[in-house]
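J.: Can you keep this structure in mind? I'll have questions shortly.
The values are calculated or read from the model by the stated rules, or taken from the named source; none is laboratory data. In this text, all values refer to a predicted model and were calculated from it rather than measured experimentally. Backbone-built Cβ (ideal geometry, glycine too); neighbour counts: all protein chains shown. For accessibility, only protein heavy atoms count, side chains too; no ligands or nucleic acids. Shrake-Rupley method; radii C 1.70, N 1.55, O 1.52, S 1.80 Å.
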Amino acid sequence: MKIIKSIAFLIVILSGCVGMTSPEEQMYEILEKTVTLEEEFQKQQDPLVEHEQAEQDLYNQIMSLGMKDFDQIVQLSNEALEHAEKREELIQKERQSIEKAQQEFKKVEDIVPTIKDEKIKAEAKKLVKTMSNRYEAHKQLYEAYMEGLALDKELYQMFQREDLTMEELEEHLTKINEAYERVLAANEAFNQKTEVYNELKLQFYQQAGLEVSKDGE
């Protein structure tokens, strides 16, 4: 799966007094804590891709063998199953990280109504709506990915059946391809919403009079 984007980290230099008392500054605290909470989610991306690639290599090896190599097929499919289980662990960690960040982000919903400047308040509302949509997009991505993962595991178990027919295999591979098409579409939607959110967050900080310097994504 193409590595998904994370929310941007921003170094913020606050003008005015040191104490963070305004609604805008309170929002800044929460928004940047959300970034920190999503760091665990970002850490899962590289190992997730590595396990996916390892599975693909094993699958290619299996498909190059015939039934006379059944023992080797069983061995390779067991190895692929181990990688799939590792992927499941990683995707669960990713989901937990996103859910923690989402809980933190919800705190801004109580702060937005207290913003006095109507233009800034409008920006804040837009930001909240975009992030809510982003979290919903990740939920859909997670569900699609888990569906594809379950089908992968079924495939590796099917390879261990000596009575597996080509018709059964082709039918299952079609299901897998369709599942991962949904994953790619969900992944693209999540990335798009993340990019929009990062832009809106920068705009909100600038509208609120906070001097910001973009550090990365």
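J.: Roll a 1.4 angstrom probe over the protein heavy atoms and tell me the percent of accessible area of region 65-172 that is carbon or sulfur.
T.: It is 46 percent, rounded to a whole number.
J.: Can you give the calculated 222 nm mean residue ellipticity of the chain, where each DSSP H run of n ≥ 4 adds -39,500 (n - 2.57) and the sum is split over every residue, rounded to the nearest 500 deg cm²/dmol?
T.: -26000 deg cm²/dmol
J.: While we're looking at this one, here's another question. Rounding to the nearest 10 and keeping the result within 0 to 90°, find how far the Cα-based axis of helix 118-158 lies from the longest principal axis of the chain.
T.: Relative to the chain, helix 118-158 is tipped by roughly 10 degrees.
J.: Residue by residue through region 160-170, what is 3J(HN,Hα) from phi via Karplus (6.51 cos²θ - 1.76 cosθ + 1.60, θ = phi - 60°)? Round to whole Hz and write x for glycine and proline.
T.: After applying 6.51 cos²θ - 1.76 cosθ + 1.60, I find 8, 9, 6, 9, 5, 9, 4, 5, 4, 4, 4 Hz.
J.: Given Phe159, Ala179, Phe190, which one lies farthest toward the positive end of the charge dipole of the chain, if we put +1 on the Cβ of every Lys and Arg and -1 on the Cβ of every Asp and Glu?
T.: Phe190
J.: In whole Hz and in residue order, list the ³J(HN,Hα) couplings for region 176-185 that follow from phi through the Karplus curve 6.51 cos²θ - 1.76 cosθ + 1.60, θ = phi - 60°; x for Gly and Pro.
T.: 5, 4, 5, 5, 6, 5, 5, 4, 4, 5
J.: Any idea of the accessible area per residue across the chain, 1.4 Å probe, to the nearest Å²? Please list the in-between numbers first.
T.: Details: 11770 Å² over 217 residues.
About 54 Å² of surface per residue is accessible.
J.: Please state, to two decimals, what the Cα-based radius of gyration of the chain comes to when divided by 2.2 N^0.38 Å (N = residues).
T.: 1.32
J.: Given the pairs Lys43/Lys119; Lys106/Lys153; Lys33/Lys139; Lys153/Lys201; Lys33/Lys116, which are separated by over 28 angstrom at their Cα positions?
T.: Lys43/Lys119; Lys106/Lys153; Lys153/Lys201
J.: Ignoring everything but the protein chains, give the 1.4 Å probe accessible area of Arg182 in square angstrom, nearest 10.
T.: Surface open to solvent at Arg182 totals about 110 Å².
J.: Work from the charge dipole of region 35-140 (Cβ charges, +1 for Lys and Arg, -1 for Asp and Glu, about the Cα centre) and give the residue of Ile115, Ala54, Gln140 farthest towards its positive end.
T.: Result: Ile115.
J.: Could I ask something else about it? Against the longest principal axis of the chain, how steep is helix 23-37, in degrees 0 to 90 to the nearest 10, with axes from Cα atoms?
T.: 20 degrees
J.: Additional query: For helix 70-105, report the angle its Cα long axis makes with the longest principal axis of the Cα atoms of the chain; keep it between 0 and 90° and round to the nearest 10°.
T.: So the helix axis and the longest Cα principal axis differ by about 10 degrees.
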